Every structure is written in C-alpha cells, then in structure tokens.
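Encoded as structure tokens, the structure appears first; notes follow it.
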Amino acid sequence: MEFFYIDECKINNPGGIAIGDALVKGSKVLNISARSNEIGDEGARKIATGIETNGKIRSLNFSKNNINDAGGELIARSLLRNESLSSLDLSYNNLRMSTAAVIQNSIKSNCTIARICLQGNTVLAPQLAAIALVMQKNKETRVKKKDDELRRTKNDMLKKL
C-alpha cells in the first residue's frame, strides 16, 4: 500500500501509537496522512520512534493533531536517523520556537527533507527563515549529489565501451 489516509477519524493517542507501531514494524506504506486526529504528544512519541526506524516512509501529514513541543521535538530529533522522509507537515499544532530550533538542527544533517510545513504554530518569522535557508542548502546538496551520481554513471558506461 502506497498511501494511507486517515484524516479526521478521531483516532486520538491510541491511533497515533498504532501508526508508530506500524512504522517500527517496517510498514511498506510510503505516505501517511492523519490530519485532524488529536494524536497528541503520546502518539507523537511512538510516531517519532517509527520515523527513526522506518527506511521507506516518504511523507507524513500530522497537521491539526494537538502535538505540543514535547512530541514535536521528538519527531524533529527522529529526522536525524531517517534518510527516506522527504515531506513532513506539522502545521496547526501547538509547536513553539524550541521545536522549530530542533527541526532546524536536525535537518542540517538530513538533506532528504525537501518540505516541512509549520504554518499555524507559534514560530516566529526569523526562525522560519533560518529553516528555509537550511532547506535551500539541502536542496543544493541533493542536486549536487544527483549530478555527481549521473557523472559517475556516465563515466562507468564510457569505461565499458
């Protein structure tokens, strides 16, 4: 299954924990949207563990889930150990500057993250601008890696001729 949508299903903390358990067990789902479900920090804690261990997940949408800084910071730190996730939506939760700072630090060493949405949280413009700057540098790194990979492939093909 490539997509799993459970938007506005009132799954609360137990549902968030179940999503985290599925991620930990190596779910083959690539994209999960679970917006407006009141997952909270307890669900976010298990989801963070799942993000750390799942090497397949590409996109997560946990907007409008009553996630506070405790859960948000755990999700942010999980980005350090995940190299498959490229899109994360944490909009309209209860996240503040401390979570944004952890996100900024985490994505400095994880250039696979191409999109992060924090709209509707209490994060000031300078912090958002700093995150955007890191995201731009990450994009440049991804492009350079892809160019290098194409160059190596081309050289390998030429050597075989």
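The values are calculated or read from the model by the stated rules, or taken from the named source; none is laboratory data. Predicted, not measured: the structure shown is a model, and the values here were computed from it. Positions of Cβ are generated from backbone atoms using ideal geometry, with glycine treated the same way; all protein chains shown enter the neighbour counts.
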query: Is at least one residue of segment 125-142 surrounded by 13 or more Cβ atoms within 10 Å (Cβ to Cβ) and among the hydroxyl-bearing types (Ser, Thr, Tyr)?
result: no
query: Looking at (1) touching a Lys or Arg at 6+ places or on another chain (Cβ under 9 Å); (2) small (Gly, Ala, Ser); (3) at pLDDT below 95; (4) farther than 21 Å from Lys108 by Cβ, can you tell me which one Ala22 breaks?
result: (1)
- line: Exactly one of Glu73, Glu38 is surrounded by 19 or more Cβ atoms within 10 Å (Cβ to Cβ) and among the acidic types (Asp, Glu), and that one is Glu73
statement: Quick count over segment 50-71, residues being among the hydroxyl-bearing types (Ser, Thr, Tyr) and modelled with pLDDT under 95, is 1
task: Mind telling me which of the residues Leu88, Leu80 ends up being in contact with a Leu (Cβ under 6 Å, 6 or more places away or on another chain) and closer than 24 Å to Val123 by Cβ?
output: Leu88
query: Between residues in segment 48-76 that are aromatic (Phe, Trp, Tyr) and residues that are not in a helix (DSSP H, G or I), which pairs lie under 7 Å by C-beta distance while being six or more apart or on different chains?
result: Phe62/Ala34; Phe62/Arg35; Phe62/Ile39; Phe62/Asp89; Phe62/Leu90
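One line per residue, one yes/no per condition, for (1) of a type in the set (A, V, I, L, M, F, W, C); (2) farther than 21 Å from Lys64 by Cα; (3) in contact (Cβ under 8 Å) with a residue 60 or more places away in the chain:
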{"residue": "Asn105", "(1), (2), (3)": "no, yes, no"}
{"residue": "Ile113", "(1), (2), (3)": "yes, no, no"}
{"residue": "Asn121", "(1), (2), (3)": "no, no, no"}
{"residue": "Gln127", "(1), (2), (3)": "no, no, no"}
{"residue": "Gln136", "(1), (2), (3)": "no, yes, no"}
{"residue": "Lys139", "(1), (2), (3)": "no, yes, no"}
{"residue": "Val143", "(1), (2), (3)": "yes, yes, no"}
- request: Pick out the one residue from Thr99, Thr112, Thr122, Thr153 that is on the phi < 0 side of the Ramachandran plot, exposed (fewer than 13 other Cβ atoms within 10 Å of the Cβ) and of a type in the set (S, T, N, Q).
  value: Thr153
query: Under the condition of being under 17 Å from the mean Cα position of the chain (by Cα) and free of Cβ contacts under 8 Å to residues at least 40 places away in the same chain, which residue from segment 1-16 is surrounded by the fewest Cβ atoms within 10 Å (Cβ to Cβ)?
result: Glu2
message: Residues to consider are Thr99, Thr141, Thr153; find the one that is polar (S, T, N, Q) and at pLDDT 90 or above.
response: Thr99
